[in-house]
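Peer 1: Got a structure here, written out as structure tokens. Questions coming.
The values are calculated or read from the model by the stated rules, or taken from the named source; none is laboratory data. Remember, it's a predicted structure, so these values are computed and weren't measured experimentally. Neighbour counts are summed over all protein chains in view; Cβ atoms, including those assigned to glycine, are modelled from backbone coordinates with ideal geometry.
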Amino acid sequence: MITIKRSKILPWIILGIILAFVIAVRVRLLDVPLERDEGEYAYMGQLMLQGVPPYAEAYNMKLPGTAMMYALFMALFGQTTSGIHAGLMAVNAASIVLVFLVGRKLMSTAGALSSSAAYSVLSLGSSVLGFAAHATHLVVLPALGGSLLLLNAVKKRATAAFFLPGMLFGLAFIMKQPGLFFLLFGMAFMLFSHVSSETKPPAKDLLLSLSAFSSGGALPLLAVVLWTVTSGSFEKFWFWTVQYAFSYGSQVSGDAAWFNAASGLSGASEGVLPLWLLALSGFAAMFFFKDMSGQKRFFTLFLFFSTLTVLPGFYFRAHYFITLLPALSLSVGLFVDIVNRMGSRFQPHPVVRWAGSGAFIALLASLIASQSGYLFSEDPVSLSRRFYEGNPFAESMEIARFIEADSSPADKIAVFGSEPQIYFYAKRRAATGYLYTYGLMEYHPYAREMQQEMIREIEQSRPKYIVAVHDDLSWLIRPGSERLIFEWFESYVQRGYKAVGIVDMISRDGSLFISGPDAEHYSVRASAYLIVYKRV
């Protein structure tokens, strides 16, 4: 009895060690300055906590699930950078546990633990900007929960059991649109499981199960649509999440897509390439075993649809690959499981039987050691400047403090650039719903109309402060970009504003902040700088 009890509790002890490692690292990284995606979600979540519905005062082409989660993080942990990253820590820890639970349905406990360990290192890694609370982390959590419940439902074959996994996959979709592919994965897995079933259940059972699953999957989106309709923001919701999002997702040419894919894949696997290779090896090795038909079905479909989540728009940015990591991590665990099984089959000696686990632990330790500076010692602000060189993310905090100290909560401010984190830090409402200016510079039929709308909103709000961002990374101006808004801005600030602060981004190690009368006559030294204007 003692042996059985120990064997049951040991995996949870090991899982606890994995979680303790991740939490220790993430606690150290709680104060990494927010980057602009995080700032966008944080500001929209802040508005939600004030009772403002999505798309009413802040525009975003993404569905509002991530902003809703940010609102939850801030309600639980505070409206601070560390509060948001504490929420990320909780989500990441829950995802690690779910990888383990899904893995146990598909392989041995040793393989499942290897999967969760692989996911902890991959999702925390700098190669996918794992320290930032990107929407992709929030897509993964419900997708894994849905996968776990789907495996149970397929086994039970009870129609009602498919509703909840469908709803979780639907939640993955409203976190970010590529989450839709996990919903499609669920449908495909149900279909293939039905067709390959030895008992050949009637087609009616499949239709009823798919109906329950689809009803659950549609529920989160229907709730969002109802929210925007009743709050009067549906028109903005439709434009940003459908019309503009379609335009944004169709701008990358074929040649650029291949270049982005190669560059993105290289970056996402940097420093952890051995784990990616193990994953591919595990996936391939599975097909040499006749007794793994159930695993083949799940792994093939899960890896295929997880890969599809990275593709939309063909931008292949580093954090987009986070939605692929659960599939890779489970395949790593499968490789370890297969090696252990082969060792046990050919040589029952414990050293050989657990060769796969031992080699994996050694590999993981070497990968952690290779990133020791990032994981254990690098200062959060220095880390932000290293990974986001040329972006004013650390500088945004000082600008926000300056504005907050000389304004009231009733005052509005405007950021002339793509730095929504300033609104969040300053705790001030935006004078315009345009949190990003990238869309104004892109090639699409809405560019001039969007610029005109942003101009109208700022003029009507008459913000007390305007932060002008002179940084190519905040605008991404193209040779043929519409430039109406720049012509307007120059005359607008001259008519009623004066410079009261300048951030001169002189080096990667730091910036100069000049405020007061000196700001009016200061000559900037760097190519990237920010000017704070105050209404006179």
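Peer 1: Would you mind finding the one in Ala203, Ala218 that is loosely packed, with under 13 Cβ neighbours inside 10 Å and either touching a Gly at 6+ places or on another chain (Cβ under 8 Å) or of a type outside the set (S, T, N, Q) (or both)?
Peer 2: Criteria check complete, one pass: Ala203.
Peer 1: Tell me whether the range 161-177 contains one or more residues that are among the polar types (S, T, N, Q) and farther than 22 Å from Arg317 by Cβ.
Peer 2: Among the residues of the range 161-177, not one is among the polar types (S, T, N, Q) and farther than 22 Å from Arg317 by Cβ, which makes the answer no.
Peer 1: Residue under question is Pro54, and the condition is that it be surrounded by 18 or more Cβ atoms within 10 Å (Cβ to Cβ), at pLDDT 95 or above, more than 16 Å from the chain's Cα centre (by Cα) and not charged (D, E, K, R); does it hold?
Peer 2: yes
Peer 1: Of the numbered conditions (1) more than 26 Å from Phe376 (Cα to Cα); (2) surrounded by fewer than 17 Cβ atoms within 10 Å (Cβ to Cβ), Gly78 fails exactly one; give the number of that condition.
Peer 2: Every condition holds for Gly78 apart from (1).
Peer 1: So which pairs qualify, if the first residue must be in the range 508-520 and closer than 16 Å to Ile399 by Cα and modelled with pLDDT of 90 or more, the second must be not in a strand (DSSP E or B) and not hydroxyl-bearing (Ser, Thr, Tyr), the Cβ gap must be under 7 Å, and the two must be at least 6 apart or on different chains?
Peer 2: From the range 508-520, the pairs are Ser511/Glu395; Phe513/Glu398; Ser515/Phe402.
Peer 1: Can you give me the ranges of the helices (runs of 4 or more DSSP H) entirely in the range 100-191 with at least 1 residues that are over 16 Å from Gly216 (Cβ atoms)?
Peer 2: So the answer is 109-124, 135-156.
Peer 1: Follow-up question, since we're still on this one. How many of the residues in the range 419-468 are assigned to a strand (DSSP E or B), of a type outside the set (Ser, Thr, Tyr) and either more than 25 Å from the chain's Cα centre (by Cα) or surrounded by fewer than 18 Cβ atoms within 10 Å (Cβ to Cβ) (or both)?
Peer 2: Going through the range 419-468 one residue at a time, the tally reaches 3.
Peer 1: Looking at the range 497-512 only, could you name the residues that are crowded, with 17+ Cβ neighbours inside 10 Å and under 15 Å from Val469 (Cα atoms)?
Peer 2: Ala499, Val500, Gly501, Ile502, Val503, Asp504, Met505, Ser511
A quick yes/no check of all residues on (1) in the same structural domain as Ala112 (by TED's automatic domain parsing); (2) assigned to a helix (DSSP H, G or I); (3) modelled with pLDDT of 95 or more; (4) surrounded by 19 or more Cβ atoms within 10 Å (Cβ to Cβ):
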| position | (1), (2), (3), (4) |
| --- | --- |
| Ser329 | yes, yes, yes, yes |
| Val336 | yes, yes, no, yes |
| Met342 | yes, yes, no, no |
| Ser357 | yes, yes, no, yes |
| Phe360 | yes, yes, no, yes |
| Ser384 | no, yes, yes, yes |
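Peer 1: Can you tell me how many residues in the range 451-474 are closer than 20 Å to Arg36 by Cα and in contact (Cβ under 8 Å) with a residue 40 or more places away in the chain?
Peer 2: Selection size over the range 451-474: 10.
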